[in-house]
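Read-outs: derived from the displayed coordinates by stated rules, not from any lab. Since the structure is predicted, the reported quantities are computational estimates derived from the model, not experimental observations. So basically every Cβ, Gly included, is an ideal-geometry build from the backbone, and we count neighbours across all protein chains shown.
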Amino acid sequence: MIEMREINGLEEEQVSSIEELLRLVYGASSWTRQQIQSNLSLESSRYLGAWREGKLVALLVLHLMGQEQEILQLVVDPDCRRQGLARLLLEQLEQYGPQTFLEVRRSNHAARTLYQKIGFKEIGIRKNYYHAPIEDAFVLRREIER
């Protein structure tokens, strides 16, 4: 069974769970522990997690800006992919505002397909946005009518 909840505060166990999941997915290019702690402490940050049997298996990190938000991270444990966890987290976006932005690697076809299925549209390209390896990012936006 999946438990979804917002992560608040800088509890050591939660920071460790976030760091472990990000490192599992991104390897050496993941956020550092200090970056996680710094971002978690911001009033404009929201962390939504999905847990299975006490383990963090999916994470959505948002930066809130008035009536819009930017997705900074959306990660799913590789052993838990293709189970609808990313979609489950993305369904929570409406509670934060009608407009969402994100960047996604050009090569990340699975993520791009998911985003398009739930209404994101391409609005631009950021050349050489990512490093390790260097790659362009598509900028996507989704607007919800209220």
**Asked** Nearest-5 percent of antiparallel DSSP beta bridges in the chain?
**Response** 90
**Residue-by-residue Karplus 3J(HN,Hα) for the range 126-143, coefficients 6.51, -1.76, 1.60, Hz, glycine and proline x** = 10, 5, 6, 5, 9, 10, 6, x, 5, 7, 6, 10, 8, 9, 10, 9, 10, 10
**Item:** Helix-derived mean residue ellipticity, 222 nm - over the chain, DSSP H n ≥ 4, -39500 (n - 2.57), to 500
**Value:** -7500 deg cm²/dmol
**Request:** Rank-order 50-56, 125-131 by packing density, defined as the average count of other C-beta atoms within 10 Å over each peptide's residues, highest first.
**Result:** 50-56, 125-131
**Fill in**
The alpha-carbon center of the range 117-146 and that of the range 16-91 are separated, in whole Å, by 18
**Asked** residue 99 to residue 131: FRET efficiency via 1/(1 + (r/R0)^6), r the Cβ-Cβ distance, R0 25 Å, to the nearest 0.05?
**Response** 0.35
**Request:** Please give the FRET efficiency for residue 24 paired with residue 145, using the beta carbon to beta carbon distance and R0 = 41 Å, rounded to the nearest 0.05.
**Result:** 0.65
**Fill in**
Nearest-0.05 FRET efficiency for residue 108 and residue 1 at R0 = 41 Å, using Cβ-Cβ distance, is 0.90
**Prompt:** Amide H neighbours of residue 65 under 5 Å, counting only residues 5+ apart in sequence or on other chains, H built in-plane at 1.01 Å?
**Reply:** 70
**Request:** Rounded, prolate or oblate: pick one for the range 61-146, where a ≥ b ≥ c are the square roots of the eigenvalues of its C-alpha gyration tensor, a/c under 1.5 means rounded, and failing that, prolate if a/b is larger than b/c, else oblate.
**Result:** oblate
**Prompt:** Which of 123, 24, 99 sits farthest toward the positive end of the charge dipole of the range 1-128, with +1 on the Cβ of Lys and Arg and -1 on the Cβ of Asp and Glu?
**Reply:** 123
**Complete:** Note on the chain: alpha-carbon gyration tensor, axes a ≥ b ≥ c; rule is a/c under 1.5 for rounded, else prolate if a/b larger than b/c, else oblate; result rounded
**Request:** With an 8 Å cut-off on Cα pairs and a minimum separation of 6 or more residues, tell me the relative contact order of the chain in percent.
**Result:** 18
**Prompt:** How long is the gain from residue 35 to residue 123 if the chain were fully straight, where each residue apart is worth 0.36 nm and the alpha carbon distance is subtracted?
**Reply:** 28.9 nm
**Asked** Can you give the charge dipole size of the range 98-145 about its Cα centre, rounded to the nearest 20 debye, using +1 on the beta carbon of Lys and Arg and -1 on the beta carbon of Asp and Glu?
**Response** 100
**Prompt:** Semi-axes of the range 1-44's equivalent ellipsoid from the Cα gyration tensor, sqrt of 5 times each eigenvalue, largest first, rounded to whole Å?
**Reply:** 17, 16, 9
**Whole-number percent relative contact order across the range 1-82, with pairs defined as alpha carbons under 8 Å at least 6 apart** = 30
**Request:** For the range 1-82, go through all pairs of different Cα atoms, get the mean of 1/r, take its inverse, and jot down that Kirkwood value in Å.
**Result:** 13.0
